[in-house]
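Novice: Please see the structure below; I have some questions.
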Amino acid sequence: MGIGNLRLSKAVFLDRDGVINPPVGLDEFGGTESPLRFEDFRIFPWTAEAVKILNDLGFYVFVVTNQPAIAKNKTDIIELRKMHCLLDYEVKMKGGEIKKIYVCLHHPDPKQVVFTDLLVDCDCRKPKPGMLFQAAREFNIDLARSWMIGDTWKDVQAGQAAGCRTILIRNEIDNAGKILNPDFTAENLLEAAKIIEREETES
């Protein structure tokens, strides 16, 4: 079969903190803080169910997450990997699958970054859509049939820049004063998955 005849897949891209798991208070700038230790990483009780719903609709599910705390020396890659192993396990236990977790470790501010090899103004850090484009290349994804679900303006902009439909999980702290125009809003990931289920059924 020639590449022109390959059927493109569809995907749902999930932000992590605030969507899959709760944040752990506020950072030094007044925004929500990501879990920095495995012991503080708690998955929302509805996360695995929501992923299973999306899988059953024929979507690949990916996580696309900014994690600059490593560049700032606030946590390390071992803690991050342990968190993501737990996430994979919890989802698989409920019959779902996260196809791949994409992580941007970079940060562009030299005043905050400790590890200078991660001091990069990259294309993968949301609101740029680089992680979504990477997944599309690696897994033959039709971004126009795909969705981005996140809780901040950065997620919405990344999804829109990639040509996806977007769902914003309500988050007053990180979006204060921001102009947002997602396709839909939801209280949590399970509600977002049911919005997509409805849209798929009606289309």
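The values are calculated or read from the model by the stated rules, or taken from the named source; none is laboratory data. Everything quoted here is computed from the prediction, not taken from an experiment. Heads up, the Cβs are rebuilt from the backbone with ideal geometry, glycines too, and the neighbour counts pull from every protein chain shown.
Novice: For the range 59-163, which fully contained helices (runs of 4 or more DSSP H) count at least 3 residues that are touching a Pro at 6+ places or on another chain (Cβ under 7 Å)?
Specialist: Working: elements: 77-93, 130-139, 153-162.
Output list reads 153-162.
Novice: If you check Phe44 against the conditions, is it closer than 12 Å to Ile98 by Cα and either at pLDDT 95 or above or assigned to a loop (DSSP other than H, G, I, E, B) (or both)? So that I can check it myself, show each step before the final result.
Specialist: Values: closer than 12 Å to Ile98 by Cα: no; either at pLDDT 95 or above or assigned to a loop (DSSP other than H, G, I, E, B) (or both): yes.
Criteria not met by Phe44.
Novice: Can you name the residue in the range 152-203 that is of a type in the set (D, E, K, R) and in contact with a Leu (Cβ under 7 Å, 6 or more places away or on another chain) and, of all such residues, is farthest from Gly18 (Cα to Cα)? Let's see the steps before the verdict.
Specialist: At the first step, the residues of the range 152-203 found to be of a type in the set (D, E, K, R) are 154-155, 165, 170, 172, 174, 178, 183, 187, 191, 194, 197-200, 202.
In the following step, the residues that additionally are in contact with a Leu (Cβ under 7 Å, 6 or more places away or on another chain) were identified as 197, 200.
Details: Glu197: 21, Glu200: 25 Å.
Checking each candidate, the answer is Glu200.
Novice: Only one residue in Arg137, Arg165 is of a type in the set (Lys, Arg) and crowded, with 17+ Cβ neighbours inside 10 Å. Which one?
Specialist: Details: Arg137 fails: crowded, with 17+ Cβ neighbours inside 10 Å.
It is Arg165.
Novice: So, in the range 97-126, of the ones that are of a type in the set (Val, Ile, Thr) and closer than 30 Å to Leu57 by Cα, which residue ends up surrounded by the fewest Cβ atoms within 10 Å (Cβ to Cβ)? Show your work before the answer.
Specialist: The first filter runs over the range 97-126 and keeps only residues of a type in the set (Val, Ile, Thr), leaving 98, 101, 103, 113-114, 116, 120.
Retained after the next criterion (residues that are closer than 30 Å to Leu57 by Cα): 98, 101, 103.
Numbers: Ile98: 22, Ile101: 20, Val103: 18.
So, considering only residues that are of a type in the set (Val, Ile, Thr) and closer than 30 Å to Leu57 by Cα, the one surrounded by the fewest Cβ atoms within 10 Å (Cβ to Cβ) is Val103.
Novice: Residues to consider are Thr152, Thr185, Thr201; find the one that is crowded, with 19+ Cβ neighbours inside 10 Å and hydroxyl-bearing (Ser, Thr, Tyr). Let's see the steps before the verdict.
Specialist: Numbers: Thr185 fails: crowded, with 19+ Cβ neighbours inside 10 Å; Thr201 fails: crowded, with 19+ Cβ neighbours inside 10 Å.
Exactly one of Thr152, Thr185, Thr201 is crowded, with 19+ Cβ neighbours inside 10 Å and hydroxyl-bearing (Ser, Thr, Tyr), namely Thr152.
Novice: I'm checking my understanding of the structure. Among residues of the range 154-173 that are modelled with pLDDT under 95 and either under 15 Å from the mean Cα position of the chain (by Cα) or aromatic (Phe, Trp, Tyr) (or both), which one is nearest to Leu26 (Cα to Cα)?
Specialist: At the first step, the residues of the range 154-173 found to be modelled with pLDDT under 95 are 170-173.
When the remaining residues are screened for being either under 15 Å from the mean Cα position of the chain (by Cα) or aromatic (Phe, Trp, Tyr) (or both), the result is 170-171.
Working: Arg170: 16, Asn171: 13 Å.
The selected residue is Asn171.
Novice: Please determine whether any residue of the range 77-84 is hydrophobic (A, V, I, L, M, F, W, C) and buried (at least 18 other Cβ atoms within 10 Å of the Cβ). So that I can check it myself, show each step before the final result.
Specialist: Pass one, the range 77-84, residues hydrophobic (A, V, I, L, M, F, W, C): 77-78, 80, 83.
Keeping just the survivors that are buried (at least 18 other Cβ atoms within 10 Å of the Cβ) gives 80, 83.
Yes; the residues of the range 77-84 include at least one that is hydrophobic (A, V, I, L, M, F, W, C) and buried (at least 18 other Cβ atoms within 10 Å of the Cβ).
Novice: I would also like to ask the following. If you scan the range 29-39, which residues turn out to be buried (at least 17 other Cβ atoms within 10 Å of the Cβ) and either small (Gly, Ala, Ser) or outside any loop (DSSP other than H, G, I, E, B) (or both)?
Specialist: Within the range 29-39, Thr32, Ser34 qualify.
Novice: List, please: which pairs have Cβ atoms under 8 Å, are six or more places apart or on different chains, and start with a residue in the range 29-58 that is within 16 Å of Met93 (Cβ to Cβ) and end with one that is acidic (Asp, Glu) and not in a helix (DSSP H, G or I)?
Specialist: Val51/Glu97; Asn55/Glu97
Novice: Out of Pro45, Pro110, Pro127, report the one residue that is under 16 Å from the mean Cα position of the chain (by Cα) and not hydroxyl-bearing (Ser, Thr, Tyr).
Specialist: Numbers: Pro45 fails: under 16 Å from the mean Cα position of the chain (by Cα); Pro110 fails: under 16 Å from the mean Cα position of the chain (by Cα).
Checking each option against the conditions leaves just Pro127.
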